[in-house]
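Please treat every number below as a calculation from the coordinates, not as lab data. Everything numeric in this text was worked out from a predicted model, so none of it was measured. Glycine gets a Cβ as well: all are built from the backbone with ideal geometry, and neighbour counts include every protein chain shown.
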Amino acid sequence: MSQMFKSLIVLVVTIISVHLVYIGVIRPQAALSIENALSLGQSMPRNLFVILKDFEQEVCLVLMFWGSYLILSKCVALLKDRYLFNVDLLEKNDEGSLSLDEALKGLEKLPADALETPLVQTLMASVRRFLITNDVQNTSDAIQSSVEALAVKLEADNSMIRYLIWAIPSIGFIGTVRGIGQALSQADQALAGNIAGMTNSLGMAFNSTLIALLISIFLMFFLHQLQSLQDALVVDTQAYCEKFLLNRISR
């Protein structure tokens, strides 16, 4: 099952789950709180159910859970393969010398999960380059180009997460505009002395922005943690190839 298909399944499940929570818990509780406040002649309460009750907040929560899944799945994938950096994938033969032909065959026989990792792919490309050119500088250039391509790929893979972090505050601002629009449409009631409708609409406007900004800050923090792991992967891949390959073939 491809990662994109898994992500779409998680998105659909998240939409259904969050919507069920909204129609079963959040909106009924918010309606009850507002009704009690109105019966007592009080303004709209500021509890969690009231703050979360609107459509924009629901969408923001869906995107938050989906974005969290995308970030977490990438972090798990990176951490799962870290053990490879502690293994010498170019082990010497029985005679104590390094045979790159045998090392390449050994790399090609690795399990599929290990074979698809950036470290093994970079190492295989570098070994092939040396076997073809028998030149250390060309091999070093191959390592450098592979590492640069890896950095570009990792950055491109984060594009959807960056889009979500941008989209969530935008959705919050949509709620703000909608709330302010409703408040302005009730200006005549406010001039007549009934400001309850206007304050309720303004509360909806500010609630959506509040939730959206908090979620954006939350996701941005974890995105930076993911980028730290990705940067470490790039640096460690280059260091591994220099230590276990370049240092041996340059002797």
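Some values worked out for this structure:
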item: Cα gyration tensor of the chain - equivalent ellipsoid semi-axes, whole Å, descending; result: 58, 17, 12
item: Cβ crowding within 10 Å averaged over residues, with 65-78, 10-23 ranked highest first; result: 65-78, 10-23
item: Dipole-positive endmost among LEU63, GLN29, VAL147 within the stretch 1-150 (Cβ charges, Cα centre); result: GLN29
item: Subset of LYS6/LYS105; LYS6/LYS153; LYS74/LYS109 violating a 22 Å alpha-carbon distance limit; result: LYS6/LYS105; LYS74/LYS109
item: Longest site-free stretch - the chain; sites: GluC sites (Glu not before Pro), DSSP loop, at most 15 other Cβ within 10 Å; result: 117-251
